[in-house]
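Asks: This is the structure, below, for whatever I ask next.
Each reported figure results from applying straightforward, stated rules to the coordinates on display, with no laboratory input. Quick caveat: nothing in here was measured; it's all calculated off a predicted structure. Backbone-built Cβ (ideal geometry, glycine too); neighbour counts: all protein chains shown.
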Number of protein chains: 2
Amino acid sequence: MDKIISTLEKINPIDSSLLESTQIRLDNLTKPKGSLGRLEEFAKRIVAITGKRNPSLAKKVIITIAGDHGITEEGVSAYPSEVTPQMVYNFLRGGAGVNVLARHVGAEVVVVDMGVAVELASHPDLIVRKIAMGTKNFAKGPAMSREQAIKAIETGIEITEQIINEKKVDIIGTGEMGIGNTTPSSAITAVFTNKPVQEVTGRGTGIDNETYARKISVIQKAIELNKPNPKDPIDVLAKVGGFEIGGLVGVTLAGAANKIPVVIDGFISSVAGLIAVELKSDVKDYIFAAHASVEIGHKALLDRMQLKPILDLNMRLGEGTGAALAMGLIDAGVKILNEMASFEEAGVSREK
Amino acid sequence: MDKIISTLEKINPIDSSLLESTQIRLDNLTKPKGSLGRLEEFAKRIVAITGKRNPSLAKKVIITIAGDHGITEEGVSAYPSEVTPQMVYNFLRGGAGVNVLARHVGAEVVVVDMGVAVELASHPDLIVRKIAMGTKNFAKGPAMSREQAIKAIETGIEITEQIINEKKVDIIGTGEMGIGNTTPSSAITAVFTNKPVQEVTGRGTGIDNETYARKISVIQKAIELNKPNPKDPIDVLAKVGGFEIGGLVGVTLAGAANKIPVVIDGFISSVAGLIAVELKSDVKDYIFAAHASVEIGHKALLDRMQLKPILDLNMRLGEGTGAALAMGLIDAGVKILNEMASFEEAGVSREK
């Protein structure tokens with residue numbers, strides 16, 4: 001728990017005076033005031049997060065963490081669990097959605113195994129830090145022990161700090177792979193937002209009506225059985241969470257502690273983001289919400305964090321795909337600040 | 001008028017069977033069906049527009065056309081008309097918003113003067129095809145003659161076809177610069193959508209309440225005076241339009257006629273898009289709406305064309321800034337189709 005505590009202590013609110021001074025600089029560029037809308041918001045917040053007057057987001061890294069879920073025994077997913085390791089290999093070969101979109105925006109994808117239920121073949125680009133061979137079935141008891149939940153978060157922090165140091169990262173995106181992981185995500189969302197399970201549970205990879213009804217029932221019973229305590233985010237993670245979710249909590253905390261912006265992807269990454277924010281509310285200043293997921297629970301999560309999604313493209317793939325696209329737009333905002341001419345430089349007249 | 005007629009004759013509906021066959025290919029890639037949402041829609045439509053199985057959008061060009069407006073005599077803008085030529089020089093030096101965002105997505109900006117009210121200094125990257133030294137004040141009579149309106153559209157077609165041939169363009173974005181040009185744009189929107197002027201008139205670059213009330217009144221009176229006929233799009237352009245708007249009608253038509261996708265930027269570019277669609281409804285198959293502008297008339301235009309904006313970032317700068325960002329996202333969709341692994345290639349199990 002020491003690593004979590006010391007990381008939380010390093011996280012401070014961003015300097016709001018930098019938001020204001022950067023807006024003044026943006027207002028001096030050759031455009032009507034505020035006319036680049038959210039691009040200006042992105043630029044301001046990146047300055048306030050990094051403390052740099054002219055930040056660069058050249059080095060973009062997406063950390064995609066994989067884990068398996070015992071809850072799949074209850075028949076809650078359209079895909080078999082064997083797809084989790086198969087997709088990890090797909091990430092490593094560069095053939096998955098996140099690889100394509102990361103290449104498109106100039107981001108690197110780092111793949112981490114924190115709980116895939118089989119031993120994966122070693123690969124130079126795969127980081128293996130398994131907490132266990134998948135979580136336990138939380139329909140029958142906690143998904144993991146409290147110690148494992150702490151270890152998952154701390155492992156996420158360690159991996160991220162190593163990546164930040166080695167690669168001189170400017171911006172981090174979060175992503176995940178884990179067959180069944182919308183089920184723990186909906187459970188966690190219901191616990192923190194206190195909304196009925198059916199209002200925060202969607203169809204994940206695309207399940208039929210019968211499976212959807214079962215998924216809702218499984219989550220309702222699991223919350224009754226395990227009684228996760230929303231005042232204790234680590235308890236929630238342990239009882240109805242997942243290892244990749246815990247890992248991404250650590251990624252998000254490490255970003256905030258190191259003044260690196262974190263772009264959270266969709267539903268599952270936002271669950272991890274919310275756990276991080278529940279651990280320390282200042283974390284939300286460092287988070288950008290990449291997109292509005294099709295998963296119906298996503299909006300409740302973003303509302304609780306007071307975050308507005310950047311994109312709304314009807315996506316629901318996860319992996320970090322939305323984070324990749326959003327990073328490109330945040331970078332565009334920063335370039336506006338760094339590269340646009342001022343009224344004086346361009347000899348352009350101001351408002352009458 | 002011959003050039004317009006021959007261009008309209010070349011425009012055909014896209015082949016909807018290609019939309020269906022491309023969806024089958026997308027469904028075979030390693031992701032749940034439809035989970036990349038609108039990226040899949042972009043990929044399908046680019047295939048259907050180009051007729052190419054694996055299209056590339058590598059060569060992106062934004063055509064930004066400038067023109068001045070006699071209506072500024074009525075005091076409808078927050079900026080003086082001298083800003084139009086000043087901003088053209090800013091485009092040519094690479095310091096404007098559209099330059100920054102075009103560089104960000106790998107697009108080239110082509111700057112065209114079709115009616116700036118002063119003679120611009122010659123520049124190797126500036127195309128000068130003035131129809132006149134600005135439009136006339138349409139509060140007192142038509143903005144231009146019918147012959148000038150036709151010439152503006154035909155000039156847009158000629159310039160675009162030359163650029164397509166010289167640069168081997170894969171996708172075109174539209175952009176504009178013209179102090180006062182939200183006033184003709186709102187007038188045109190009111191004429192085609194038959195909505196009250198105040199419902200389709202916004203604050204442009206940022207005018208105060210008094211100027212805003214005057215702008216609405218000027219447009220209402222100009223429509224009464226000039227009686228533009230919504231059944232005759234060229235009449236509407238002539239009576240309450242602008243030269244850059246006419247030029248962009250031509251750009252849009254030339255894109256459609258040459259099977260090149262056209263990304264229309266914000267409010268003013270969408271007015272040009274709508275005139276093109278009113279001339280031939282099949283044009284809309286070739287258009288992508290870049291973003292939802294803050295200008296309140298924009299939604300009515302997109303609704304009439306049945307287009308859904310790609311981005312919603314509270315932008316209202318014009319120039320082609322939104323088109324640049326949207327081109328990046330459309331390209332991302334095409335890369336998904338071209339670069340993602342199939343279930344067979346990646347050895348990933350399908351749905352149960």
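Asks: Please give the average number of partner chain Cβ atoms lying within 10 Å of the Cβ of each residue in B:20-30, rounded to a whole number. Don't skip to the answer; put the middle values down first.
Replies: Working: counts 0, 0, 0, 0, 0, 0, 0, 0, 0, 4, 9.
Going residue by residue through B:20-30 and averaging, the value is 1.
Asks: Given region A:243-352 reduced to its alpha-carbon atoms as identical point scatterers, what log10 I(q)/I(0) does the Debye formula return at q = 0.23 Å⁻¹?
Replies: Calculated log10 I(q)/I(0) at the listed q: -1.23.
Asks: Enumerate the amide H contacts of A:VAL109 below 5 Å, restricted to partners 5 or more residues apart or on another chain; note that Pro and chain-start residues carry no placed amide H.
Replies: Excluding prolines and chain starts, which carry no amide H, the hits are A:ILE62.
Asks: How many times 2.2 N^0.38 Å is the alpha carbon radius of gyration of region B:60-327?
Replies: Values: Rg = 16.2 Å, N = 268, 2.2 N^0.38 = 18.4 Å.
Computed over Cα atoms of region B:60-327, the ratio equals 0.88.
Asks: Quick one: which residues, 5 or more positions from B:LEU311 or on another chain, have an amide H under 5 Å from its amide H? H modelled 1.01 Å from N in the peptide plane, none for Pro or chain starts.
Replies: Hits under the 5 Å cutoff: B:HIS291, B:ALA292.
Asks: Continuing with the same structure: By count of other Cβ within 10 Å, fewest leading, how are B:LYS167, A:LYS231 ordered? Kindly include the intermediate steps, with their values, before the conclusion.
Replies: Values: B:LYS167 13, A:LYS231 7.
By the 10 Å Cβ count, ascending: A:LYS231, B:LYS167.
Asks: Continuing with this model, one more query. Can you give me the long-range amide H partners of B:GLY202? Hydrogens built in the peptide plane at 1.01 Å from N, cutoff under 5 Å, separation of 5 or more residues or another chain.
Replies: B:ILE296, B:GLY297
Asks: From the backbone phi of region B:274-281, what are the Karplus-calculated ³J(HN,Hα) couplings (6.51 cos²θ - 1.76 cosθ + 1.60, θ = phi - 60°) in whole Hz, Gly and Pro given as x?
Replies: Working through the residues one at a time gives 5, 4, 4, 5, 5, 6, 7, 5 Hz.
Asks: Kindly express, to the nearest 10 degrees and within the range 0 to 90, the angle between helix A:209-226's C-alpha long axis and the longest C-alpha principal axis of chain A.
Replies: For helix A:209-226, the angle is close to 80 degrees.
Asks: Add -39500 (n - 2.57) for each DSSP H run of 4 or more in chain A, then divide by its residues: what number comes out at 222 nm, to the nearest 500 deg cm²/dmol?
Replies: Working: 14 runs with 174 residues, N = 352.
My calculation for chain A gives -15500 deg cm²/dmol from helical runs alone.
Asks: What percent do you get for the relative contact order of region B:275-352 when only Cα pairs under 8 Å and 6+ apart count? Let's see the in-between values first.
Replies: Values: 56 pairs, mean separation 19.8, N = 78.
Reported relative contact order: 25 percent.
Asks: Once the Cα atoms of helix B:321-339 and of chain B are each reduced to a long axis, what angle between those two axes, in degrees from 0 to 90 to the nearest 10, is obtained?
Replies: Long axis of B:321-339 versus the principal axis of chain B: about 10 degrees.
Asks: Using a 10 Å cut-off around each Cβ of peptide B:340-352, what is the average number of partner chain Cβ atoms that fall inside? All intermediate terms of the calculation are to be shown ahead of the outcome.
Replies: On the way: counts 9, 8, 1, 3, 0, 3, 8, 4, 10, 8, 4, 8, 8.
For peptide B:340-352, the averaged partner shielding equals 6.
Asks: Compare A:ALA222, A:ALA58, A:ALA272 in a GNM of chain A, Cα atoms joined below 10 Å, and give the one with the largest fluctuation.
Replies: A:ALA58
Asks: Measure nothing but the geometry: give the 0 to 90° angle between the long axis through the Cα atoms of B:146-167 and the longest principal axis through the Cα atoms of chain B, rounded to 10°.
Replies: 40 degrees
Asks: Starting with the fewest neighbours, write out B:ASP331, B:ASP235 ranked by other beta-carbon atoms found within 10 Å of each beta-carbon.
Replies: Values: B:ASP331 23, B:ASP235 19.
Ascending Cβ contact count within 10 Å gives the list B:ASP235, B:ASP331.
Asks: Over region B:1-152, what lengths in whole Å, largest first, do the semi-axes of the equivalent ellipsoid take, defined as the square roots of 5 times the eigenvalues of the alpha-carbon gyration tensor?
Replies: Semi-axis lengths for region B:1-152 are 39, 21, 15 Å.
Asks: Moving on. Once you place label points 7 Å from the Cα toward the Cβ at A:ASN338 and A:MET133, how far apart are they in nm?
Replies: 4.7 nm
Asks: I need to check one value: relative contact order of region A:60-327, counting alpha carbon pairs closer than 8 Å and at least 6 residues apart, in percent. Show your work: numbers first, answer last.
Replies: Details: 614 pairs, mean separation 69.6, N = 268.
So the answer I get is 26 percent.
Asks: Among B:PRO196, B:PRO142, B:PRO124, which one shows the biggest mean-square fluctuation in a GNM of chain B, springs joining Cα atoms closer than 10 Å?
Replies: Maximum fluctuation in the GNM of chain B, among the listed residues, is at B:PRO124.
Asks: From the P(r) of the protein assembly as shown, could you give the percentage of C-alpha pairs in the tail past 48 Å?
Replies: Details: 50724 of 247456 pairs.
Beyond 48 Å sits 20 percent of the P(r) for the protein assembly as shown.
Asks: Using θ = phi - 60° and the Karplus relation 6.51 cos²θ - 1.76 cosθ + 1.60, list the HN-Hα couplings for region B:102-108 in order, rounded to whole Hz, with x at every Gly or Pro.
Replies: 5, 4, 4, 9, x, 9, 9
Asks: For the pair A:ASN209 and B:SER217, what calculated FRET efficiency results from E = 1/(1 + (r/R0)^6), where r is the Cβ-Cβ distance and R0 = 51 Å, to the nearest 0.05? Can you show the working numbers first?
Replies: On the way: r = 56 Å, r/R0 = 1.11.
After rounding to 0.05, the efficiency reads 0.35.
Asks: For peptide A:306-317, how many partner chain Cβ atoms fall within 10 Å of a residue's Cβ, on average? Before the final figure, lay out each step's value.
Replies: Working: counts 0, 0, 0, 1, 3, 7, 6, 12, 8, 8, 6, 9.
Mean partner-chain Cβ count within 10 Å for A:306-317: 5.
Asks: While we're looking at this one, here's another question. Contour minus end-to-end for A:GLU199 and A:ILE24, with contour as 0.36 nm per residue of separation and end-to-end as the Cα-Cα distance? Display every interim value, and only then the final one.
Replies: Working: separation 175, 0.36 × 175 = 63.00 nm, distance 4.21 nm.
Between A:GLU199 and A:ILE24, full extension yields an extra 58.8 nm.
Asks: Further, regarding this structure: Counting pairs of alpha carbon atoms under 8 Å apart in space and at least six apart in sequence, what relative contact order in percent does region B:181-234 give?
Replies: Values: 33 pairs, mean separation 21.9, N = 54.
Taking the mean separation of contacting Cα pairs over the length of region B:181-234, I get 41 percent.
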